[in-house]
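K.L.:
Here's a structure for you.
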Amino acid sequence: MSEYMATPAAQFIGVRPSDIVNYDLPTDKLSDQDVRALNQSSPTRVFCTDFWKDEINLQLELKKKSEQQAFASRGLDYVTDVYLPERLTSLGII
């Protein structure tokens with residue numbers, strides 16, 4: 001049934017490790033558990049593209065993580081006026 005329930009065209013819109021650099025986001029340090037999870041996710045089918053390998057390697061290099069709430073420091077207008085339009089445009093959605 002999963003072939004009928006899957007969404008192969010779905011695209012990740014959330015915060016990426018490169019956003020930490022590109023948007024100068026507030027961060028937290030990676031925990032040992034985070035590092036293990038990143039190292040384990042690298043070879044999986046979902047993360048086997050060059051794009052995701054680069055993102056994972058960047059996060060390991062930065063030794064930092066950030067979540068969507070990191071944009072709270074910029075305000076909701078920043079998310080709706082800058083971040084989301086840029087992300088959706090880069091994905092070819094708008």
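Every residue, every condition in (1) at pLDDT below 85; (2) part of a helix (DSSP H, G or I), yes or no:
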residue	(1), (2)
12	yes, no
26	no, no
33	no, yes
39	no, yes
46	yes, no
70	no, yes
79	no, yes
86	no, yes
92	no, no
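K.L.:
Name the pairs whose Cβ atoms lie under 8 Å apart, with the first residue in the stretch 9-27 and open to solvent by 70 Å² or more (accessible area, probe 1.4 Å), the second in a helix (DSSP H, G or I), and 6 or more positions between them or separate chains?
P.N.:
Correct list of pairs: 21/58; 21/62.
K.L.:
Inspect the stretch 71-83 for any residue being among the hydrophobic types (A, V, I, L, M, F, W, C), touching a residue at least 12 places away in the same chain (Cβ under 8 Å) and either surrounded by 13 or more Cβ atoms within 10 Å (Cβ to Cβ) or farther than 27 Å from residue 8 by Cα (or both) and give the result as yes or no. Explain how you work it out, then say what you get.
P.N.:
Kept after step one, since they are among the hydrophobic types (A, V, I, L, M, F, W, C), are these residues of the stretch 71-83: 71-72, 76, 79, 82.
From what is left, the residues that are touching a residue at least 12 places away in the same chain (Cβ under 8 Å) are 71.
Applying the additional criterion that residues be either surrounded by 13 or more Cβ atoms within 10 Å (Cβ to Cβ) or farther than 27 Å from residue 8 by Cα (or both) yields 71.
Looking through the stretch 71-83, at least one residue is among the hydrophobic types (A, V, I, L, M, F, W, C), touching a residue at least 12 places away in the same chain (Cβ under 8 Å) and either surrounded by 13 or more Cβ atoms within 10 Å (Cβ to Cβ) or farther than 27 Å from residue 8 by Cα (or both).
K.L.:
Looking only at the stretch 58-68, which residues are assigned to a loop (DSSP other than H, G, I, E, B), open to solvent by 60 Å² or more (accessible area, probe 1.4 Å) and farther than 14 Å from residue 39 by Cα?
P.N.:
Of the residues in the stretch 58-68, the ones assigned to a loop (DSSP other than H, G, I, E, B) are 63, 66-67.
Going one step further and asking which of them are open to solvent by 60 Å² or more (accessible area, probe 1.4 Å), we end up with 63, 67.
67, the sole residue that qualifies.
K.L.:
Open to solvent by 90 Å² or more (accessible area, probe 1.4 Å), under 12 Å from the mean Cα position of the chain (by Cα) and not acidic (Asp, Glu), is that true of residue 40?
P.N.:
On the way: open to solvent by 90 Å² or more (accessible area, probe 1.4 Å): yes; under 12 Å from the mean Cα position of the chain (by Cα): no; not acidic (Asp, Glu): yes.
So residue 40 fails the test.
The values are calculated or read from the model by the stated rules, or taken from the named source; none is laboratory data. On a predicted model such as this, the values are computed, not experimentally measured, just so you know. Neighbour counts are summed over all protein chains in view; Cβ atoms, including those assigned to glycine, are modelled from backbone coordinates with ideal geometry. Heavy atoms of the whole protein, side chains included, go into the accessibility calculation; ligands, DNA and RNA do not. Shrake-Rupley method; radii C 1.70, N 1.55, O 1.52, S 1.80 Å.
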